[in-house]
Amino acid sequence: MATVEKYARFAHRDRVLYGRVEGDIIVALEGDPFTAPRETGETFPLQGVRLLAPCRPGKAVCVGLNYKNHAAEMKQELPSEPVLFLKPPTSVIGPGEDIIFWPMVGRLDYEAELAVVIGRTCHRVSREEAEDYIFGYTIANDVTARDLQKKDGQWTRAKSFDTFLPLGPYIVRGVDPSDLPVQAYLNGRLRQDGRTSQLIFPIPYLVSFISHIMTLLPGDVILTGTPEGVGGMQVGDEIEIRIPGLGSLVNRVAAPGHPSRP
Ligand code: MG
């Protein structure tokens, strides 16, 4: 069994750093964790920092309809190949940041997902090689303007608003991702409860498939799809995505200009 390691990106006063989490301490790194990280020796109490999204993806490659029961609730056929879309880097927020309910949006849905974090430049790799290119795993909420997704017939607008990709709190290495629970709690009530063992296209397949289309770079993320139970959120709601082993990603929904924690 591999050693479990946790990495975070965090703000402390006016600095933004990466670090390795050890219990309730963060050991700061020089640079990012992907390319030969070196510990600086500086440590911070976890309680004394603000956690940010744990990486800064150049792209977030997302898989639609990767759980059978979610495809059924969306009244969609099961895909014969992964259905891919992108979310822009500007949609990323960290734990505790607000998801904004923008005026253009009619229906704002949560989608609990396991996210793969790429660690090395990854181009045309086989399923067998895929694991060597994965740095670790984190939690994602693929926030979606469901009305716009239906109206537009393609997904760019619906998936791409600022704040529509909460990520975090940590990148965890050394966990087996093949049978993890993927859960969403809306205001404390369980709404999604799937397992990654139900993925139609499993992780090595996705990494290989995507790498034959676009080169994946360190820090890029792959969102592996959401299980059944997606639903709408309102301003003031708290949405928690929980993946035991990876932690819990909590965000609130706020109106523009009205932060949930003033
Ligand atoms: Mg999704």
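The values are calculated or read from the model by the stated rules, or taken from the named source; none is laboratory data. Keep in mind that this is a model prediction, so the values were computed, not measured. Glycine also receives a Cβ, built like all others from the backbone with ideal geometry; neighbour counts cover every protein chain displayed. Heads up: the accessible areas ignore ligands, DNA and RNA and are worked out on the full protein's heavy atoms, side chains in. Shrake-Rupley method; radii C 1.70, N 1.55, O 1.52, S 1.80 Å.
I'd like the distance between the alpha-carbon centres of region 97-163 and region 200-262, rounded to an integer number of Å.
What the calculation gives is 6 Å, centre to centre.
Name the residue farthest towards the positive end of the dipole of region 111-213 from the options V172, G136, Q149, assuming +1 on Cβ of Lys and Arg, -1 on Cβ of Asp and Glu, about the Cα centre.
Q149
Quickly estimate the mean residue ellipticity at 222 nm for the chain, helices only: each DSSP H run with n ≥ 4 gives -39500 (n - 2.57), and the total goes over all residues, rounded to 500.
Taken over the chain, the calculation gives -2500 deg cm²/dmol.
Apply the a/c threshold of 1.5 to the C-alpha gyration tensor of region 122-262 and tell me whether it is rounded, prolate or oblate.
Note, shape of region 122-262 comes out prolate.
Any idea what log10 I(q)/I(0) is at q = 0.09, 0.11, 0.19 Å⁻¹ for region 31-185, Debye with uniform C-alpha scatterers and no solvent?
The Debye formula, applied to the Cα set alone, gives -0.34, -0.50, -1.40.
Translational diffusion coefficient, Stokes-Einstein: compute it for region 191-238 using the Kirkwood radius over C-alpha pairs as Rh, at 4 °C and 1.567 mPa s, and state it as an integer in µm² s⁻¹.
This corresponds to a translational diffusion coefficient of 97 µm²/s.
Carbon and sulfur together cover what percent of the accessible area of region 5-51 at a 1.4 Å probe radius?
Result for region 5-51: 45 percent of the exposed heavy-atom area is carbon or sulfur.
For the chain, what's the relative contact order in percent, using C-alpha pairs closer than 8 Å and at least 6 residues apart?
25 percent
For region 60-152, how big is Rg over Rh, using alpha carbon atoms and the Kirkwood form of Rh?
0.99
Mind checking which lysines have their C-alpha under 20 Å from K87, skipping anything on the same chain fewer than 8 residues away?
Correct list for K87: K59, K150, K151, K159.
Hey, what's region 60-254 come to in accessible area per residue, 1.4 Å probe, Å²?
With the other protein chains kept in place, region 60-254 gives 40 Å² per residue.
Rg and Dmax of the chain over Cα atoms: what are they, in angstrom?
17.5, 53
For region 5-51, what is the convex hull volume of its Cα atoms per residue in Å³?
Taking only Cα atoms, region 5-51 has a hull volume of 65 Å³ per residue.
Would you look at the GNM of the chain, springs on alpha carbons closer than 10 Å, and say which of Q234, Q154, Q183 moves the most?
Checking each option, the largest mean-square fluctuation is seen for Q154.
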